[in-house]
Structure formats: structure tokens, C-alpha cells
Amino acid sequence: MKNSDVCIIELKGLTKTFDDQQVLKGIDLKIYENEFLTLLGPSGCGKTTTLRIIAGFEEPDMGEVLFNGVEISAVPPYKREVNTVFQKYALFPHLDVFDNIAFGLNLKKMPQDVIEQKVKKMLSLVGLSGYENRDVISLSGGQQQRIAIARALVNEPKVLLLDEPLGALDARLRKEMQSELKKIQQEVGITFIYVTHDQEEALSMSDTVVVMKDGEIQQIGTPIDIYNEPENRFVASFIGESNIIEGNMLDDCLVKFDGFEFECVDKGFKPNEEVEVVLRPEDIDIIAKDFKKKTKIHGKVESVVFKGVHYEIMVATENRTYKIHTTDYFAPDLEVGLSFGPEDIHVMYTMGWTA
Amino acid sequence: MRFYKNFILPYLVWAGLLIVIPLIMILIYAFTADGNSVLTVSFTFDNFKNILSSAYISVFWTSLKIGIITVLICLVLGYLMAYLIAQFSEKVQTILILLVTIPMWINMLLRTYAWISILSDNGLLNSLLTFLGLEPMSLMYTDFAVILGLVCDFLPFMIIPIHTSLSKMDKSLIEASYDLGANKFQTFKRVIFKLSIPGVVNGIIMVFLLSISSFVIPKLLGGGNYMMVGNLIESQFISVGDWNFGSAISFVLAAIMLVAIKITEKFDKTDE
């Protein structure tokens, strides 16, 4: 889903240590033109530090930052062709909306009529036309956010960096801003690098998702890849919900877990290699009639929780309790069987060795 | 809540007795003169007319001049120090601010006497100059000595409010400025200084009020003939005994201070 094959930013072997704590342990990443790339991970995974290195607020201990092929890790932030939207907006309280947005243009000594025109255009892009003379402190969180985006974009950066920009907004506004951000990105046609810990945000907006943990990249891929083909237990459990089961790969397309052999679609493992199997809760079907003939795994409904669109049903089996999402209701204590197809089984390498 | 409000009562009584009543008395004294045997007090503007004589006007002028010079020096030195202090980690900042305030723990008279022993004709500084083979200088009883004393005494009152406004500044605003293309100097001019103006205004007001009304420092470092408004008021009450005239001068001084505060605050609001 990349819009372009031209690499605009390349990170090579970035490491960074703060107070004896290594927050980045060698980040390698290629970021392409017009791409909406999200750095996703729990707090402390190094995603914000990576962003701050690209912006120029931090210098890496080791490694390179290439911008259009030129090493820039020692270039100060004010000379870089990137702009940042800060987590808490960081609008200048002593300036009104117009002067906030015009801040970068004024520094470039552009003629006043050009500045006025550009600021007007930006305000209409973020849907706040007519707000020029407002005091920024009087604006709501969502409006401040839009001004912050306008203030960054008006400088026509090659890359826009966004550091958890929606974190301080309420759930509804966040949804609204998500689709708006995506729309703005397509309209201006530049690269967005977006940092968040919210997996739903990452999946719904991004072209590419980079999952990080403890200063290392876990997986790079499209949202669909990341969700359907997680590379390890961490990615599988961090993005969406999942049943993770230890098993053995008997042969190509044949995996064994919980005492049964299952057909699957994964290949390329060593014979009898220990693996972990992901079963997404929505991919498992519960069968109540004749289940002993139709299914291998049998169990008893342990609990049923209504979640709105679906029920979350826990089924206790001999070896483990499965989490299942279904729109059908099954009463507690009912004996049932669990069914899933080969394409619902996703086999991953085990993670044990990383520690 | 209502119960705790009662705790303000002792303060109200105290403020009434020691602030409001004396102020009213000053006001009454300023507009009256000793009358004749029939009516002991009479209303008059004469006290204010007296101030307009050139000798007294020049005293006001000296005070204003010394006050403004002291404020300017304190502003430059104080801003520089506050800015430097704000660059350190929070722990170090606490220690540095403590160091700034430590001189205030020593009695002001002692500190002023220390300056006399440094600046006087056969004091520390002149001994050093003679030792180095240079001409000794006469430093005591000059504007220089008075301003030096005032600056050293009141500098903390400039540093602390400026440091407060600098240290509580949101660091991401400074990063945002760099991010938008401003270099270090432009960031200071357009963001850091602008956001520290409330602290600067507080510092200016405090140092100005303290220096224009001071009388110990000009008396000790400026000598017996050195007159600032504070000394004039003191002499009217203590040696001349003209309480009416002294009150009128105090009244005018208070008015000047009020005007100065209003002007400075205006600077705070219309900074663009």
C-alpha cells in the first residue's frame, strides 16, 4: 500500500541511552514519500525518542539518520525540513491564532500578503476559517489540535511528525480527528510519521505500522499484515485480542497443539519446531449441536459478557480457556465444541530467546 | 469553609490598626497645617506647594533617576542570572536560588557597612589599587556607591520572579519554536523573553519601589548631604519635626509609585 518507492528518511542502527537506560537498541527503518507511518508500542518502547531524533531534539548515541540520502543527525531542528505536532499542542500562549500559524513564515521573512494567504488556506484546511484573531487559550482541545497541525503544515514540510497528537482528546473527538488527519495527509500528499500507543488509531489511519517494544522494532507491515500475520506473541497480544497457544510444527501446513493435529497455511518451519499459535477470538466458532463429531476441541461455557456488537464468551477446555467473540448467545455451563479453519490458525516463532 | 474564614479577622484588625489608620493620618497631615489658638488645625494645600520648590523637586528627580538606573542594572544582571540558573537541573536550581537569597539573611545595615569598608578612601578596593601601583579613587559618597549598594541589595528581588517565570515555562514551546525554524536567538526573542515578561514586570516593580523609597543606603553610602525622597521624609519627621510636610512628600511618593506600577503593567499587556 505504499504510495511511492522513494525513501525519504532512513534510520540506520539508532541507539540511545538516558541515565543508564537504553531506550533504543538499534532501530533500522525506511520511511517512504507520501506514507502514513505509525510507530506503535506501549509507553517506554522508544517510539517518542525515535520521533524526537527525526525532529532533531535528541541526538542518537550511535547510528545514522538519512534524509533524502543525506546524514542529518547533527543538524539542528530549525534547519530540518520536518515539522512536529506536539503532544500537548505547544501553541504559543502570547500569540493569537494567526500569529501562531504564521510563526514559521514570519521567520522566513515572507511578504505579509503571502503569509496572510497561506494562513487562510491552512485554516480552511483544518476547518477553522475565521479564527485568525482568536486567543489560543480560549480554544477547545480539538481546536488547539487543529491549529497545531495548521502551524506545522503551513511551512510545507516534507515530513510531518505527530507525537500522540490525539491523546488528550475525548473518545468521540479522537475518532473524528483520526479520519480528518488521514484526509489531510492525502490532501497535502506528504509523509506523516505518527506516534501512538493506541492500536485502533494505528490500524485505522496508517499505510505502514511499526510495532515497537523495549527499544526494538517487533514488526513492520501494513495494518492488515500486522493484525493477521503477527510475527510474535508480543505483536499478537498488543494488537487486537488473541488466544496464544504453544504448539509444535509437525510439517509444512500441519501444526499440533492441545493434543490435536490441525491443518494450517504456514510453511517454512523446522520439523517439530516449537511454535506459538494465534487464534483471534472472532475467528473461532462455537458449535453446540453434534459438536463431538464436527470438532476436536470440546469444553464448557464458563462466562458470557455482552460487549455491544458481540458477546465475549470464555470456554473452558481440558488444556486452556479460549476467548471467543460471537454475535450468538450461548448459555453458561453449556457443553460446546470449538471450530476454526486452516486459514484462521496463525503460526509464529516463539519469543523466548529475546530476553 | 465559613468557619475558617474567621481566621482572617486578626489580620483585618492588624491591617486596620497599622496600615489603614496610619494612611488616613498621613492623608490628614498632608492637607492640614497647625492653626491658630481658636482652631488648632486648618485645611491647606501649602504642603504640596512647598514640594514644588526647586530644591525638593531635585530630590525627587535624584530618587527617580537612581531608581530607574538601579532597575535597569538589576534587570540586565538579574535576567542573565535567572536565565543561567534556569538552564540547570531542578535540584541544582533550588540550590542556586537559595544562594541568591542567602545575602538577604544578613542584616541590611551590616551589608551596607561592608560596602563602606570596601569603598572608602583607605578601604579594601583602594588598598588593592595602591598595591597594584594604580591611583586610588574616591568612591564613597557618589551616585556610583549608592547605586552599587541598591543593586546588591535588591538584585534577588529581580532574579526570583524572572527565574520563576522561566523555570515554569513549558519546554515544548521552546522546542516548537526550534521546530518551526527559529534559531536560538530568534527563539529567545520571540518566545522565551515574551513568556517571561510577567516575571520581568514583577521584578521591575519590586526593585523600583524598594530603591526609590530607600533611605539607609543613600544615607550611609551617599553621605550626610545625599538626599533621596526617603531621606527627605526621614528628616522631616525626625529632625525638622514638620509632620505635615513629611506626610505630603510621602503622599506624592506613593502617587509616583502607583503611576509607575500602572505604566509597567501596561507594558505587560501590550507587548506586541
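The values are calculated or read from the model by the stated rules, or taken from the named source; none is laboratory data. Bear in mind the structure is a predicted one, so any value in this text is a computation, not a measurement. Glycine gets a Cβ as well: all are built from the backbone with ideal geometry, and neighbour counts include every protein chain shown.
What to note about this one:
- Within segment A:69-79, one or more residues are crowded, with 21+ Cβ neighbours inside 10 Å and within 14 Å of chain B (Cβ to nearest Cβ).
- Selection of segment B:80-107 for residues being farther than 17 Å from B:LEU150 by Cα and of a type in the set (Phe, Trp, Tyr) yields B:TYR83, B:PHE88.
- Pairs meeting the criteria (first residue in segment B:94-123 and within 16 Å of B:PHE215 (Cα to Cα), second residue outside any helix (DSSP H, G or I), beta carbons under 8 Å, at least 6 apart or on different chains) are B:ILE116/B:GLY123; B:ILE116/B:MET140.
- Matching entry among A:GLU263, A:GLU276, A:GLU241, A:GLU229 (being in contact with a helix residue (DSSP H, G or I) (Cβ under 6 Å, 6 or more places away or on another chain), of a type in the set (Asp, Glu) and under 15 Å from A:MET348 (Cβ atoms)): A:GLU276
- Residue match in segment A:85-98 (condition: in a loop (DSSP other than H, G, I, E, B), facing chain B (nearest Cβ under 8 Å) and free of Cβ contacts under 8 Å to residues at least 24 places away in the same chain): yes
- Residue list for segment A:179-191, filter: more than 19 Å from A:THR48 (Cβ to Cβ) and assigned to a helix (DSSP H, G or I): A:SER179, A:GLU180, A:LYS182, A:LYS183, A:ILE184, A:GLN185, A:GLN186, A:GLU187, A:VAL188
- The criterion of being part of a loop (DSSP other than H, G, I, E, B) and in the same structural domain as A:TYR194 (by TED's automatic domain parsing) holds for A:ALA74.
- Test for A:ILE245: is it touching a Lys or Arg at 6+ places or on another chain (Cβ under 8 Å), of a type in the set (Val, Ile, Thr) and more than 30 Å from A:THR38 (Cβ to Cβ): no
- For segment A:132-139, the criterion of being more than 8 Å from chain B (Cβ to nearest Cβ) and among the hydroxyl-bearing types (Ser, Thr, Tyr) is met by at least one residue.
Matching residues to (1) modelled with pLDDT of 90 or more; (2) in a helix (DSSP H, G or I); (3) farther than 27 Å from B:LYS65 by Cβ:
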position	(1), (2), (3)
B:THR94	yes, yes, yes
B:PRO103	no, yes, no
B:LEU109	no, yes, no
B:GLU135	no, no, yes
B:PHE144	yes, yes, no
B:LEU148	yes, yes, no
B:CYS152	yes, yes, no
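Okay, residues lined up against (1) assigned to a loop (DSSP other than H, G, I, E, B); (2) crowded, with 16+ Cβ neighbours inside 10 Å:
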{"residue": "A:LEU123", "(1), (2)": "no, yes"}
{"residue": "A:GLU132", "(1), (2)": "yes, yes"}
{"residue": "A:ALA148", "(1), (2)": "no, yes"}
{"residue": "A:PRO165", "(1), (2)": "yes, yes"}
{"residue": "A:ILE193", "(1), (2)": "no, yes"}
{"residue": "A:GLU200", "(1), (2)": "no, no"}
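- Selected residue (criterion: farthest from the other protein chains (Cβ to nearest Cβ)) from residues of segment B:142-195 that are buried (at least 18 other Cβ atoms within 10 Å of the Cβ) and charged (D, E, K, R): B:ASP153
- Flag if A:THR38 is among the polar types (S, T, N, Q), within 14 Å of chain B (Cβ to nearest Cβ) and either over 22 Å from B:SER89 (Cα atoms) or in a helix (DSSP H, G or I) (or both): no
- Residue list for segment B:168-212, filter: hydrophobic (A, V, I, L, M, F, W, C), outside any helix (DSSP H, G or I) and either more than 23 Å from B:GLN93 (Cα to Cα) or in contact with a strand residue (DSSP E or B) (Cβ under 6 Å, 6 or more places away or on another chain) (or both): B:LEU180, B:ALA182
- Residue match in segment B:78-86 (condition: of a type in the set (Val, Ile, Thr) and touching a residue at least 60 places away in the same chain (Cβ under 8 Å)): yes
- Among (1) within 14 Å of chain B (Cβ to nearest Cβ); (2) outside any loop (DSSP other than H, G, I, E, B) - the single one A:LEU173 does not satisfy: (1)
- Selection count where residues are in contact with a Gly (Cβ under 9 Å, 6 or more places away or on another chain) and surrounded by 24 or more Cβ atoms within 10 Å (Cβ to Cβ), scope segment A:26-41: 2
- Within segment B:196-235, considering residues that are crowded, with 20+ Cβ neighbours inside 10 Å and polar (S, T, N, Q), the one farthest from B:TRP115 (Cα to Cα): B:SER196
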